[in-house]
Amino acid sequence: MNIPTPVKLADLKEGKLYFKEVTKKMTSKYYYNIIIVKIEKIQLEREPKLITFTYSILENYSVFSEITDFDTVVNYSSDDYDFFETHIQMKNSTTKYYYYNFDKEWFLKNKEKIMSYMPYFYSRNSFLDIFQEIEKEKI
């Protein structure tokens, strides 16, 4: 897997899985949450802009998740969120949402390592930082 970069919102595809990273700034520190999402609907060419997805939390995702998980539907609408090229930001908030390509094989092989960076719901490491640390260990 190449070093991940945020996927442009216009490049998101319905039915495809992505890592979604939530970035929150609390006081002077950043906190990150990563989940796996399946894009159900995307509408960016007219108002209101909309991204609808279902999700799986990392610890629950397995080879059977596409059958048993992804049952909660979430909508991001331009009524409540600002849409940028590579992320969405909650209006009147510093919370941002980025999407990264999902590689099932890489994730399942590194799931335990990824989870070790996320002892609680949030991590102090971004998805990019976690990815680079895992890949560095392989050298």
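The values are calculated or read from the model by the stated rules, or taken from the named source; none is laboratory data. Here the structure is a predicted model, which means the values were calculated and not measured. In this analysis, Cβ positions are derived from the backbone assuming ideal geometry, glycine residues included, and neighbour counts consider all displayed protein chains.
Just wondering, is there one or more residues in region 55-65 that are out of contact with any helix residue (DSSP H, G or I) (no Cβ under 6 Å at 6 or more places or on another chain) and part of a strand (DSSP E or B)? Yes, region 55-65 contains at least one residue that is out of contact with any helix residue (DSSP H, G or I) (no Cβ under 6 Å at 6 or more places or on another chain) and part of a strand (DSSP E or B). Within region 102-139, the residues that satisfy the criterion of being of a type in the set (S, T, N, Q) and closer than 18 Å to ASN60 by Cα are ASN110, SER116, SER123.
The sole residue among PHE64, PHE70 that is under 16 Å from the mean Cα position of the chain (by Cα), modelled with pLDDT under 95 and over 25 Å from ASP129 (Cα atoms) is PHE70. Output yes when any residue across region 88-97 is surrounded by 12 or more Cβ atoms within 10 Å (Cβ to Cβ), under 18 Å from LEU17 (Cβ atoms) and touching a Lys or Arg at 6+ places or on another chain (Cβ under 8 Å), and no when none is. Yes: one or more hits. With respect to the stated conditions, ASN125 fails to be surrounded by 17 or more Cβ atoms within 10 Å (Cβ to Cβ), modelled with pLDDT of 85 or more and either assigned to a helix (DSSP H, G or I) or basic (Lys, Arg) (or both).
A count restricted to region 19-31 and to residues that are buried (at least 19 other Cβ atoms within 10 Å of the Cβ) and not aromatic (Phe, Trp, Tyr) stands at 2.
A single member of TYR97, TYR76 is in a strand (DSSP E or B), among the aromatic types (Phe, Trp, Tyr), touching a residue at least 60 places away in the same chain (Cβ under 8 Å) and out of contact with any helix residue (DSSP H, G or I) (no Cβ under 7 Å at 6 or more places or on another chain), and it is TYR97. Scanning region 100-128 for residues that are among the hydroxyl-bearing types (Ser, Thr, Tyr) and free of Cβ contacts under 8 Å to residues at least 60 places away in the same chain turns up SER116, TYR117, TYR120. The set of residues from region 32-51 being in contact (Cβ under 8 Å) with a residue 40 or more places away in the chain and either farther than 15 Å from PHE121 by Cα or surrounded by fewer than 18 Cβ atoms within 10 Å (Cβ to Cβ) (or both) comprises VAL37, ILE51. Any chance region 14-23 includes a residue that's without any contact (Cβ under 8 Å) to a residue 12 or more places away in the chain and more than 12 Å from the chain's Cα centre (by Cα)? No; the residues of region 14-23 include none that is without any contact (Cβ under 8 Å) to a residue 12 or more places away in the chain and more than 12 Å from the chain's Cα centre (by Cα).
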